[in-house]
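Reviewing the structure listed below.
Coordinate-derived values only; no laboratory data. All values derive from a computational prediction rather than experimental measurement. Using ideal geometry, Cβ is built from the backbone for each residue, glycine included, and neighbour counts are taken over all protein chains shown.
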């Protein structure tokens, strides 16, 4: 597929950039995933055409929105306004590095700026695996999502459109876009609007007054393909009303057979389907809805300065939500008044003389939210009934989630893989869906399950939350860390993975779900420095009770 | 999504109905909108705010006080001649701090002149208008509590940092969120007057129509606004008529019985369901220019008024809307 220039990611990203600079505010912006030289080149090319400002990830409200510059105001004795980054980039674009780590406060501000059409955004997403993406509400508002992870360097050049007035779309074109969106399961109307704008801009770029098939295909490829949540049903199937997604191979054949008398919308659907990114395609073929509504990116809690148990004051500027500790500030300033007055020659009645160093802000201790990670053995040796119990326990935990403000994640391991079925979430709706289709059977790749769990635990921790791990298994590993069968190697790999968890100091609990308490389960718990709980006849409620009492302890 | 005429919004009838009810009777207590991203939630709320006629307020007042407000809260009103200003629409960002929302000590004034002053927050700004919160389910619980409390009492009382201020804050709270990303606590949900579910339109024609209208609006916003002005004016008149008629409408005994039966049948917790149901039915009747509140009005608002108050069984898959529809059919067929 990569032989076709139209499907080359860097080519598409360049095309997207070309369209984007035609109307930055209408398109909202771009998400450029993957750190590569090609991305740098592209960003540089866009910066030549557009006012661009880089947005540091730790920016505070004053710098972003503008406001009173406290230090300057104190020095001048009158309010000094500082202009914000949003105002400086007005009508242009903000380049946001490390967008996958963005906190919800910043994302909220940027959402508003996008809705008010003040700036466009270029999100540089360096996220790795495990659903690490920029805040989804933000991504939704940006037309183009490009993956440049594996792109080599290439000089990016941007062209000027050949037409002065924007091209138009006829009704047939709009219908084709709507049908393509429906076929790919794109629910957002905003995405459709972006697609129609993209088609128009594409036509404008190449000097066509009315958007044609090529323009629509390009737009569907650029905007709709990365947002696909399902594979299109096979075209022109006369009977079946709602057939399951076909194998990609079948689809291809069908299309070839009837390519002569295809309707416009079918061609557009085909173009978009061909451009669905490979990893997304793999997920869709398995029938999994991709990272659709993760809580990822939105969490990042601040650890102090806002709320919680008061801890006393420390020197600092009241910004980023930190509150000024008035009394402490005055206390810091008072001893110096004599000296300062002499210095500036002020008389006795002058108001108190403040310096920047006097400012004190309050600190608070905030309890980090807890994320409970379930790693569930879904292999053949762990009976199918156990799986149902684990599911029940996860649902019961979730039912309490809004009370305890804790989140739940679920990893299942079986056969040759460990899969993250449920990224950290508080949503019942979502959990239920992910759990409903949890399959069972196959070998026990315990090492893989543990590795996936500890990786997730680390990413949870890096977002400032406290992970706790619950492993439900019988401990009888028979698939090793590389997915190869073999009891001996599997056992060693699992032990190594368990020790890694112990080194990280992750709070863990091993629930032995084998019919009779086994030696392996106990050993695993020891290696992990975890508590051990044998539950040969656990039902969902007992399991939940065991976990809850543990959390209270 | 800068300005889009309210009447040009395609579909989403339930959301539009709920917003208009809130415009007729702001005491209904806020509207919660559940739905996927990109279905026009914030567009509709903004459109309604810019549709409403300007309010008259004292020019120098930071709180947008009317003449009556100024009399009731003389200590906070900045005074000045009465001038018209647009209905405020405040978009509360997700990361907003408590200070920004309720207001705080005016730091700059305190440091420069040692005076203790109050710097109004977003609640003050949204007085007599709309306070819109996108992704309210991700907002800190204590902030949501506070917002609902102020929304219900119509007054913001600040007692902190040595300040003691109270100012009027009557606004229509509009929250939106996607239940897939975390739920709102039932206690909070219950305090919203109405809740609506917004779905993405399924029909191709509707989707085409939306794209067509958005493109037209972008090409020439002024002409587009003109095209829809007449329809917008009609809606505006309905709201005005609704407001004047509201006081005259009293629901009959029969209707109250109907409401009670319905709430019992669906198992809505608490009395707030019944009260909101009657209020909403009355507002709808008033807006439609009906002489009295009828059963059809009750049926039309029942899903919005009750959906979020049903006792929920964690493992029950049946949606709340389906349960209400079933009860309506059984009772009133």
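Ranked highest first by the average count of other Cβ atoms within 10 Å around their residues, in what order do A:519-526, B:76-83, A:265-272 fall?
Packing order, densest peptide first, comes out as A:265-272, A:519-526, B:76-83.
Could you tell me which of rounded, prolate or oblate describes region B:204-324, using a ≥ b ≥ c as the square roots of the eigenvalues of the alpha-carbon gyration tensor, with rounded for a/c under 1.5 and, failing that, prolate when a/b is larger than b/c and oblate otherwise?
Cα axes put region B:204-324 in the oblate bin.
Expressed as a whole number of Å, what is the distance separating the alpha-carbon centroids of region B:11-31 and region B:130-208?
Cα centres, region B:130-208 to region B:11-31: 14 Å.
Using a simple spin-label model with points 7 Å from Cα along the Cα→Cβ vector, what separation in nm is obtained for residue A:58 and residue B:271?
According to this spin-label approximation, the distance is 5.4 nm.
Only counting other Cβ atoms within 10 Å, I'd like A:336, B:228 sorted with the fewest neighbours first.
Placing the least packed residue first, the sequence is A:336, B:228.
Let me make sure I get this right: for chain B, a, b and c are the square roots of the gyration tensor eigenvalues over alpha carbons, sorted descending. Under 1.5 in a/c it's rounded, otherwise prolate if a/b > b/c, else oblate. Which is it?
prolate
Distance between the C-alpha centers of region A:418-447 and region A:476-496? Whole Å please.
The distance from the Cα centre of region A:418-447 to that of region A:476-496 comes to 21 Å.
Can you give me the distance in nm between label points at residue B:326 and residue B:71, each placed 7 Å from the Cα along the Cα-to-Cβ direction?
5.3 nm
For helix B:141-153, what angle does its Cα long axis make with the longest principal axis of chain B, in degrees from 0 to 90 and rounded to 10?
90 degrees
Using a 10 Å cut-off on Cβ to Cβ distances, tally the other chain neighbours for every residue of A:419-426 and report the average as a whole number.
1
Please give the contour-minus-distance gain from residue A:504 to residue A:168: 0.36 nm per residue of separation, less the Cα-Cα distance, rounded to one decimal in nm.
115.2 nm
Please give, to one decimal in nm, the separation of the simple spin-label points placed at residue A:349 and residue B:253, each 7 Å out from Cα toward the Cβ.
The modelled label-to-label distance comes out at 7.6 nm.
Against the longest alpha carbon principal axis of chain B, how many degrees, from 0 to 90 and to the nearest 10, is the axis of helix B:272-288 turned?
On a 0 to 90 degree scale, this one is about 90.
Once the piece of chain linking residue B:84 and residue B:185 is laid out straight, how much longer is it, given 0.36 nm per residue of separation minus the C-alpha distance between them?
32.5 nm
Taking 0.36 nm per intervening residue step and subtracting the Cα-Cα distance, what contour gain separates residue A:117 from residue A:72 on full extension?
13.1 nm
To the nearest 0.05, how large is the calculated FRET efficiency for residue B:205 and residue B:229 if R₀ is 35 Å and r is the Cβ-Cβ distance?
Once rounded, the FRET efficiency stands at 0.90.
To the nearest 0.05, what FRET efficiency results for residue A:388 and residue B:261 with a Förster distance of 41 Å applied to their C-beta separation?
0.55
Other chains near B:209-216: what is the mean number of their Cβ atoms within 10 Å of each residue's Cβ?
Rounded to a whole number, the mean comes out at 6.
Residue A:150 to residue B:296: FRET efficiency via 1/(1 + (r/R0)^6), r the Cβ-Cβ distance, R0 56 Å, to the nearest 0.05?
Efficiency, rounded to the nearest 0.05: 0.40.
With each run of n ≥ 4 DSSP H residues scored as -39500 (n - 2.57), what mean residue ellipticity at 222 nm is computed for chain B after dividing by its residue count and rounding to the nearest 500 deg cm²/dmol?
Rounded to the nearest 500, it is -15000 deg cm²/dmol.
Across peptide B:174-180, what mean number of C-beta atoms from other chains lies inside 10 Å of a residue's C-beta?
3
Please figure out what share of the DSSP beta bridges in chain B is antiparallel and state it in percent, rounded to the nearest 5.
45 percent
Roughly how tilted is helix B:13-24, in degrees to the nearest 10 and between 0 and 90, from the longest Cα axis of chain B?
The helix B:13-24 is inclined about 50 degrees to chain B.
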